[in-house]
Amino acid sequence: MAWTGTKLIDRRDFLRAAGAGFAAAMAPRAWADTLAADAVFATAFVKRDGSFGAAVLSEAGKILHTVDLPDRGHDVAFDPVSKRSVVFARQPGTFALVFDQAGRDKPLTIASIAGRHFFGHGVFSPDGALLYATENDFDNAAGVVGVYDAREKFNRIGEFPTYGMGPHELLLLGDGRTLAIANGGIETHPDYGRAELNIATMQPSYTLVDRISGGLIEKHELPSALHQLSIRHMDRDRAGTVWFGCQYRGPATDRPALVGRAARGKDLELLEMPQDVLSGFRNYIGSVAANAAAGTVAVTSPEGNSLAVLDAASGRVVATRSLVEVCGLAPDGTGFMATTGAGEIVGGAGATRSEPDYVWDNHMLRIAVSA
């Protein structure tokens, strides 16, 4: 889940914006926990009764606030200007839900236009005026970025190409203008559900696109022998390097590198890892998060029940942990908070809290830090 650059806000600003409306929605103890917290986190979930929603969690892993969703969610974007969050539907979803933690406005549903569906990720412009979302132009098998006017009820005002197929996560880089986009390279069509239609010919890519003009700045593809290595999730470390995680669609017996990094003007770099760590991912990276304070990057694999932490400078694996169906990931102190499909919330200090009625979804967003 990870979107650096604009996703951290001061805790006092968050609480001031939330005000009485947010406090009234919480039990007194939950509100006290929020006042004492260094951060809050947002993530989507599925409950054991089959309902869907998104939750705000305390640093201790306690559920502070929830909002209902019409179907399964995927990632969350946060605008520190308006203090609103957007939860995107899991692909091939046709909704995104805007909600205000302060309770000032009713949740607003953004519906995808005809011929498009969401790919689960989005990002705000630095001034909060525009929302950018990865989408599928499915009849033309092309990726696009949908542009939404956040100041006019999130009306869709345009789109531009991602210069690839099957875009997934996108990041706003430090210049505030360049979007980094992970094009997974996989063709899908809602008539066929989540079926992947071009595995033999897929072409993943990493692109840099000007969010103002929509023009292509750079495009990088993996070597042809790795054309089935789908680039999916990303985060940016404190040096500005973009880290990406992949999901392999080739033979299950293959063990390609799954984690890489990208620097502007340079070829993509795939990182070597110890064989036991790489095998433990089962060819699937589900989430990537960078911890700027610690100089580390973490990746998760719900398929392999694995979490690994890397040193951002060297790329070396410095820690691993086994967690059942772990996927959601966000920086927390000098470590990482992680969530699992088994309902566990594991804090950066290692403490675990269990919410057995909840299946936590793929991503988690850190939305506040203490001053």
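Would you point out which residue out of SER125, SER112 is open to solvent by less than 10 Å² (accessible area, probe 1.4 Å), of a type in the set (Ser, Thr, Tyr), out of contact with any Asp or Glu (no Cβ under 6 Å at 6 or more places or on another chain) and under 22 Å from THR162 (Cβ atoms)? Break it down stepwise before answering.
On the way: SER112 fails: open to solvent by less than 10 Å² (accessible area, probe 1.4 Å).
SER125 is the lone residue from the list that is open to solvent by less than 10 Å² (accessible area, probe 1.4 Å), of a type in the set (Ser, Thr, Tyr), out of contact with any Asp or Glu (no Cβ under 6 Å at 6 or more places or on another chain) and under 22 Å from THR162 (Cβ atoms).
Can you confirm whether GLN247 is open to solvent by less than 40 Å² (accessible area, probe 1.4 Å), over 18 Å from PRO331 (Cα atoms) and either of a type outside the set (Ser, Thr, Tyr) or out of contact with any strand residue (DSSP E or B) (no Cβ under 9 Å at 6 or more places or on another chain) (or both)?
Working: open to solvent by less than 40 Å² (accessible area, probe 1.4 Å): yes; over 18 Å from PRO331 (Cα atoms): yes; either of a type outside the set (Ser, Thr, Tyr) or out of contact with any strand residue (DSSP E or B) (no Cβ under 9 Å at 6 or more places or on another chain) (or both): yes.
The answer is yes for GLN247.
Only strands (runs of 3 or more DSSP E) wholly contained in the stretch 267-338 count here; list those with 2 or more residues that are open to solvent by 30 Å² or more (accessible area, probe 1.4 Å).
In the stretch 267-338, the matching strands (runs of 3 or more DSSP E) lie at 317-322.
Going residue by residue through the stretch 310-331, is there one that turns out to be among the basic types (Lys, Arg) and touching a Leu at 6+ places or on another chain (Cβ under 8 Å)? Before you say what the answer is, go through the steps one by one.
First, pick out the residues of the stretch 310-331 that are among the basic types (Lys, Arg): 316, 321.
Keeping just the survivors that are touching a Leu at 6+ places or on another chain (Cβ under 8 Å) gives 316, 321.
Within the stretch 310-331, one or more residues are among the basic types (Lys, Arg) and touching a Leu at 6+ places or on another chain (Cβ under 8 Å).
Would you be able to say whether some residue in the stretch 201-212 is open to solvent by 40 Å² or more (accessible area, probe 1.4 Å), hydrophobic (A, V, I, L, M, F, W, C) and out of contact with any Pro (no Cβ under 7 Å at 6 or more places or on another chain)?
Checking the stretch 201-212: at least one residue is open to solvent by 40 Å² or more (accessible area, probe 1.4 Å), hydrophobic (A, V, I, L, M, F, W, C) and out of contact with any Pro (no Cβ under 7 Å at 6 or more places or on another chain).
Kindly list, by first and then second residue, each pair from a residue in the stretch 170-194 that is farther than 25 Å from LEU222 by Cβ and at pLDDT below 95 to a residue that is aromatic (Phe, Trp, Tyr) and surrounded by 13 or more Cβ atoms within 10 Å (Cβ to Cβ), limited to pairs with Cβ atoms under 8 Å and residues at least 6 apart or on different chains.
Between residues of the stretch 170-194 that are farther than 25 Å from LEU222 by Cβ and at pLDDT below 95 and residues that are aromatic (Phe, Trp, Tyr) and surrounded by 13 or more Cβ atoms within 10 Å (Cβ to Cβ), the close pairs are PRO190/PHE138.
From the set of residues in the stretch 231-244 that are buried (at least 24 other Cβ atoms within 10 Å of the Cβ) and touching a Lys or Arg at 6+ places or on another chain (Cβ under 8 Å), which is nearest to GLY166 (Cα to Cα)?
PHE244
Step by step: first the residues of the stretch 193-228, then only those that are β-branched (Val, Ile, Thr) and not in a loop (DSSP other than H, G, I, E, B), then the one that is farthest from the chain's Cα centre (by Cα). Which residue is that?
Residues of the stretch 193-228 that are β-branched (Val, Ile, Thr), as a first pass: 199, 201, 207, 209, 212, 217.
Now drop any that are not not in a loop (DSSP other than H, G, I, E, B), which leaves 207, 209, 217.
Numbers: THR207: 17, VAL209: 19, ILE217: 23 Å.
Among them, the one singled out is ILE217.
So, in the stretch 339-348, exactly how many residues are of a type outside the set (A, V, I, L, M), surrounded by fewer than 23 Cβ atoms within 10 Å (Cβ to Cβ) and either on the phi > 0 side of the Ramachandran plot or modelled with pLDDT of 95 or more (or both)? Explain how you work it out, then say what you get.
Of the residues in the stretch 339-348, the ones of a type outside the set (A, V, I, L, M) are 339-341, 343-344, 347-348.
Next, from what is left, pick out any that are surrounded by fewer than 23 Cβ atoms within 10 Å (Cβ to Cβ): 341, 343-344, 347-348.
Retained after the next criterion (residues that are either on the phi > 0 side of the Ramachandran plot or modelled with pLDDT of 95 or more (or both)): 341, 343-344.
Total satisfying the criteria: 3.
Restricting attention to the stretch 353-364, which residues are in contact (Cβ under 8 Å) with a residue 40 or more places away in the chain and either open to solvent by 40 Å² or more (accessible area, probe 1.4 Å) or out of contact with any Pro (no Cβ under 8 Å at 6 or more places or on another chain) (or both)?
Those that are in contact (Cβ under 8 Å) with a residue 40 or more places away in the chain and either open to solvent by 40 Å² or more (accessible area, probe 1.4 Å) or out of contact with any Pro (no Cβ under 8 Å at 6 or more places or on another chain) (or both): ARG353, GLU355, PRO356, ASP357, TYR358, VAL359, TRP360, ASP361, HIS363, MET364.
The values are calculated or read from the model by the stated rules, or taken from the named source; none is laboratory data. Since the structure is predicted, the reported quantities are computational estimates derived from the model, not experimental observations. As a convention, Cβ positions derive from the backbone with ideal geometry for all residues, glycine included, and neighbour counts pool all protein chains shown. Note: areas computed on protein heavy atoms with side chains; ligands, DNA, RNA excluded. Shrake-Rupley method; radii C 1.70, N 1.55, O 1.52, S 1.80 Å.
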